[in-house]
Amino acid sequence: KILANTLFLGKDVYYLPDCHSTNQLAMEMLKDKKVAEGSVVITDHQTKGKGQRGNTWESQEGKNLTFSIILMPRFLEAMDQFQLNMVVSISILEALDGISTGLKVKWPNDIIHEVDGKIAGILIENIISQNKIESAIIGIGLNVNQRYFRIDTATSLSNLSGFDFDKHVLFEKLIQKLEFYYLELKKGNKKIIKEQYLNKLYRYQKLADFEDQVQFKGKILGIKDDGRLIIEKETGLQNYYAFKEVKFL
Ligand code: BTN
């Protein structure tokens, strides 16, 4: 039983030892209607975990956190989607505070260690109605105690620190942070969210290699309200990039 110290997030937790995907399950629950905002679906093992861009999300059974949260952010317009991405990214990073240095968010929302690779992925699926975000499924995969990965761009908290972690303690911290920042967003406090996001943004204001049509050197200057990345090229030219329009080299 999870006893999170929250107002609404994580009050209803649906645990399954196995499932295809917690995002998929949360979506089905939403369609059946009777689900409360803040409900969480959590599992030890996904057979068809979904990642961004149609990828699969692989996670060793029992070792990591894989869950989805149902939110109903009707106060957000469809074009404000990225606000939610920022809320989730900064909440994860704050929940992990003190575990390891070098934890960052790589735009738009990969949680990484700047040298060792990715430790968490976020997949947000929205249901839009009348231009408002009727509901949002916030899928989070956080690599906690898994030691070995098939891809060398992935790592975990235990690899970074040398310790194993109590998943429940992490989970509780995470939903507390999430509730806090989600309520800030609801209050319209967008500034603090953007500030925290930029604070933790990988390669923020650092000259680095990117690729759009060509390879170039540039600096991330910030984020547009719609989530586009602002990069200043070495030539002084500023560009706005939507998701997939720019690669980090
Ligand atoms: C990414 O590609 O970085 C996003 C990965 C998101 C994975 C999580 S695990 C829990 C939830 N259920 C899913 O099927 N996917 C998300």
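Computed from the coordinates by the stated procedures, all read-outs in this text should not be read as laboratory data. Remember, it's a predicted structure, so these values are computed and weren't measured experimentally. Quick reminder, even Gly has a Cβ in these numbers, built from the backbone with ideal geometry, and neighbours come from all protein chains shown.
Name the residue from Leu160, Gln146, Leu229 whose Cα lies farthest towards the positive end of the charge dipole of the stretch 92-249, charges +1 on Cβ of Lys and Arg and -1 on Cβ of Asp and Glu.
The residue sitting most towards the positive pole is Leu229.
Would you mind ranking Arg147, Arg228 by Cβ crowding within 10 Å, fewest neighbours first?
Fewest to most other Cβ atoms nearby, the residues stand as Arg147, Arg228.
Please report, in debye to the nearest 20, how large the charge dipole of the chain is about its Cα centre when each Lys and Arg carries +1 at its beta carbon and each Asp and Glu carries -1 there.
320 debye
Add +1 for every Lys or Arg and -1 for every Asp or Glu among the other residues with Cβ under 10 Å from the Cβ of Val144, and state the total.
With Lys, Arg at +1 and Asp, Glu at -1, the neighbours total 0.
Scale the Cα Rg of the stretch 205-248 by the rule-of-thumb value 2.2 N^0.38 Å and send over the ratio, two decimals.
After normalising by residue count via 2.2 N^0.38 Å, the value is 1.02.
Using a Förster radius of 35 Å, what is the FRET efficiency between Asp212 and Asn189 based on their Cβ-Cβ separation? Nearest 0.05, please.
It comes out at approximately 0.60.
Let me check I've understood the local charge: for Asp225, count other residues with C-beta under 10 angstrom from its C-beta, Lys and Arg +1, Asp and Glu -1. What total comes out?
Residues close to Asp225 contribute a combined charge of +2.
Fewest Cβ neighbours within 10 Å first, please rank Trp57, Trp107 accordingly.
Final ranking by Cβ density, sparse to dense: Trp57, Trp107.
Regarding the chain, what is the average projected area of its C-alpha convex hull, in nm²?
13.4 nm²
Provide the packing ranking of 59-65, 120-126, 183-189, i.e. peptides ordered by the mean count of other C-beta atoms within 10 Å per residue, highest first.
Per-residue Cβ counts within 10 Å, averaged per peptide and sorted highest first, yield 120-126, 59-65, 183-189.
Whole Å is fine, so just give me how far the alpha carbon centre of the stretch 84-144 lies from that of the stretch 173-223.
Between the Cα centre of the stretch 84-144 and that of the stretch 173-223, the gap is 11 Å.
Compute the FRET efficiency between Asp18 and Glu125 as 1/(1 + (r/R0)^6), taking r as their Cβ-Cβ distance and R0 = 25 Å, and round to the nearest 0.05.
The calculated FRET efficiency here is 0.75.
Once phi is turned into ³J(HN,Hα) by the Karplus curve 6.51 cos²θ - 1.76 cosθ + 1.60 with θ = phi - 60°, what whole-Hz value does each residue of the stretch 18-31 show in order, with x for glycine and proline?
Each residue of the stretch 18-31 in turn: 9, 6, 5, 7, 5, 5, 5, 5, 4, 4, 5, 5, 5, 5 Hz.
I need Val144, Val214, Val41 ordered by Cβ neighbour count within 10 Å, fewest first.
The order, fewest Cβ neighbours first, is Val214, Val144, Val41.
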